[in-house]
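The block underneath contains the structure these notes are about, expressed in structure tokens.
The values are calculated or read from the model by the stated rules, or taken from the named source; none is laboratory data. Please read these numbers as outputs of a predicted model, since none were measured by experiment. In this analysis, Cβ positions are derived from the backbone assuming ideal geometry, glycine residues included, and neighbour counts consider all displayed protein chains. Ligands, DNA and RNA are stripped out before the accessible areas are found, and what is left, the full protein with its side chains, is counted by its heavy atoms. Shrake-Rupley method; radii C 1.70, N 1.55, O 1.52, S 1.80 Å.
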Amino acid sequence: MTLAIVDLGYGNIGSIRIAFERLGVTPILTADPGEIARADRVVLPGVGAAAFAMARIEERGLGDVLRAFPRPLLGICLGMQLLFDRSEEEDAACLALIEGVVRRLEPAAGLSVPHMGWSRLAVADPGCGLADGDYVYFAHSYACDDGPATIARADHGRPIPAAIRQGNVLGAQFHPERSGAAGARFLRAFLDS
Amino acid sequence: MPARRIIPCLDVRDGRVVKGVRFRDHRDVGDVVEHALRYRDEGADELVFYDITASAEGRALDTAWIDRIARVIDIPFAVAGGIRGLDQAAACLDAGADKVSINSPALERPALIAEIARAFGSQCVVLGVDSLEADGDYRVKQYTGSVAATRDSGRRTLDWVREATDRGAGEIVLNCMNRDGVRGGYDIAHLGAVIDAVTVPVIASGGAGARDHFRDAFAAGASGALAATVFHDRIIAIPDLKEYLATCGIEMRR
């Protein structure tokens, strides 16, 4: 199996690469449109802010490749946010594979932002490898709209889509590469999907 | 709200874990990977690795040991020590660290906070603050990796945490130096003042000696509690601690 991790230059992708290596798959890091289009599985990691990452994607000619990708595509953290129509973060137009907007989390009394740490999940679709009551690790200041694509939810002042699925497109707002056994089950299910 | 985090802190020198009391007299206690695995297996929620000499010696931390940890660990970890620029932060994250914690270099050049936050997001930028009380006033110390180099930064702690979070720091580790390594409990009043001053998560550090100290930090609103001695010396076992805190009504990941 060819697993491509989209390489946008700067990026916190070391831990994602290693998580797949632990599952027995050695990913290729690439920004080559052809290589990405041919891959069996594609992972879109997060890099910096939404506008910055989208600019990198478009200048490398990857936007259309990702939109047209027919096999399982997984966006992780900011990578999941980029799958939506638009992000409030620097008002960025995103890939528009999933309907909805990415909005800033607002701090409140007893509710800090970023949403940082292990939150408990309510899971609607156990086929994604996650189970009700699993704790997974989050680190984010913006969150996607909750909608029909949500398959696992956390709560941080409002419902947070922790995982989404629509057709071949999968997203994780949490960090599966840093979420212990639950995260590994999620990545395994993505590889096996 | 996420579960409250229990965070063992490991001081690192030359890829080895060392332990000192009040930032001095360090002794070698083993390999970083062995310690990282032990804590992961015991249920630690996150780990922090401080290269204790890099900042004071004015050099960047070595990323070889970060890579070794990242290969075996499936929980988040932060690294700290001598990260002075974007390239050094990028090297740590590429090696597999989830966050970088900056302390003295942020005091030298506060713009560094925004540079890393813009490139990688605020959630990657932890501000380490060594706060020392004198005559009722809390001030930030700099170059605390060695006693000889330690000096006053000229900043008051509350001013600095406000400024740093405005610049993009996504988390604060508040280390109360008066309490460090002496196991008398976290400085709860100071912790509460810092939590009230910022909207980002605050991690309590310095002084944990008993299970109730963790309970008190979480009751004050800390997002996580960091400790070294009680875990290294096996005075408190993490599974027992989490069990106890859960019975106190504090959400724990178990």
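Condition test on B:Leu158, is it over 16 Å from the mean Cα position of the chain (by Cα) and more than 14 Å from chain A (Cβ to nearest Cβ)? Taking the combined requirement at face value, the residue satisfies it. Within the stretch A:36-59, the set of residues being among the acidic types (Asp, Glu) and farther than 18 Å from A:Leu170 by Cα comprises A:Glu58, A:Glu59.
When the stretch B:176-204 is filtered for residues that are modelled with pLDDT of 95 or more, open to solvent by less than 10 Å² (accessible area, probe 1.4 Å) and either of a type in the set (Gly, Ala, Ser) or closer than 15 Å to B:Arg4 by Cβ (or both), the ones remaining, listed by number, are B:Leu191, B:Pro201, B:Val202, B:Ile203, B:Ala204. Against the numbered list (1) in a helix (DSSP H, G or I); (2) touching a residue at least 40 places away in the same chain (Cβ under 8 Å), B:Ile69 comes up short only at (2). Of the numbered criteria (1) surrounded by fewer than 21 Cβ atoms within 10 Å (Cβ to Cβ); (2) within 13 Å of chain A (Cβ to nearest Cβ), the one B:Val173 fails is (1).
Taking the stretch B:80-95, which residues are more than 8 Å from chain A (Cβ to nearest Cβ), under 15 Å from B:Ala117 (Cβ atoms), touching a Phe, Trp or Tyr at 6+ places or on another chain (Cβ under 9 Å) and crowded, with 19+ Cβ neighbours inside 10 Å? Result: B:Ala89, single match.
For the stretch B:157-166, the criterion of being part of a strand (DSSP E or B) and either of a type in the set (Ser, Thr, Tyr) or at pLDDT 95 or above (or both) is satisfied by no residue at all.
Of the residues making up the stretch B:202-240, those that are under 15 Å from B:Arg179 (Cα atoms), of a type outside the set (Ser, Thr, Tyr), under 16 Å from the mean Cα position of the chain (by Cα) and not in a strand (DSSP E or B) are B:Gly206, B:Gly207, B:Ala208, B:Phe214, B:Ala217, B:Ala228, B:Val230. The lone criterion from (1) on the phi < 0 side of the Ramachandran plot; (2) within 14 Å of another protein chain (Cβ to nearest Cβ); (3) crowded, with 24+ Cβ neighbours inside 10 Å left unmet by B:Asp51 is number (2). Report yes if some residue within the stretch A:19-41 is in contact with a Cys (Cβ under 7 Å, 6 or more places away or on another chain) and buried (at least 23 other Cβ atoms within 10 Å of the Cβ); otherwise report no. Looking for residues that are in contact with a Cys (Cβ under 7 Å, 6 or more places away or on another chain) and buried (at least 23 other Cβ atoms within 10 Å of the Cβ), one finds none in the stretch A:19-41, hence no.
Against the numbered list (1) within 14 Å of chain A (Cβ to nearest Cβ); (2) open to solvent by 10 Å² or more (accessible area, probe 1.4 Å), B:Lys242 comes up short only at (2).
Those strands (runs of 3 or more DSSP E) of the stretch A:93-193 in which 1 or more residues are surrounded by fewer than 17 Cβ atoms within 10 Å (Cβ to Cβ), within 12 Å of chain B (Cβ to nearest Cβ) and not β-branched (Val, Ile, Thr) occupy A:98-104, A:150-155. Where residues in the stretch B:96-118 are out of contact with any Cys (no Cβ under 9 Å at 6 or more places or on another chain), open to solvent by 10 Å² or more (accessible area, probe 1.4 Å) and of a type in the set (A, V, I, L, M, F, W, C), which of them is nearest to the other protein chains (Cβ to nearest Cβ)? Per the criteria, the residue is B:Ala114. Of the residues screened, B:Gly154 is not one that is open to solvent by less than 10 Å² (accessible area, probe 1.4 Å) and either more than 24 Å from B:Leu10 (Cα to Cα) or assigned to a strand (DSSP E or B) (or both).
The requirement of being among the acidic types (Asp, Glu), farther than 21 Å from A:Arg158 by Cβ and modelled with pLDDT of 95 or more is fulfilled somewhere in the stretch A:39-53, by at least one residue. Remark: pairs (first residue in the stretch B:25-45, outside any helix (DSSP H, G or I) and open to solvent by less than 20 Å² (accessible area, probe 1.4 Å); second residue at pLDDT below 95 and among the hydrophobic types (A, V, I, L, M, F, W, C); Cβ separation under 6 Å; 6+ apart in sequence or on different chains) = B:Gly30/B:Val17.
Within the stretch B:122-153, the residues that satisfy the criterion of being in contact with a strand residue (DSSP E or B) (Cβ under 8 Å, 6 or more places away or on another chain) and farther than 20 Å from B:Arg179 by Cα are B:Gln123, B:Cys124, B:Val125, B:Val126. Scanning the stretch A:5-49 for residues that are part of a helix (DSSP H, G or I) and within 14 Å of another protein chain (Cβ to nearest Cβ) yields A:Gly14, A:Ser15, A:Ile16, A:Arg17, A:Ile18, A:Ala19, A:Phe20, A:Glu21, A:Arg22. Are any residues in the stretch A:70-80 out of contact with any Lys or Arg (no Cβ under 8 Å at 6 or more places or on another chain), modelled with pLDDT of 95 or more and open to solvent by 10 Å² or more (accessible area, probe 1.4 Å), and if so, which ones? The one that is out of contact with any Lys or Arg (no Cβ under 8 Å at 6 or more places or on another chain), modelled with pLDDT of 95 or more and open to solvent by 10 Å² or more (accessible area, probe 1.4 Å): A:Pro70.
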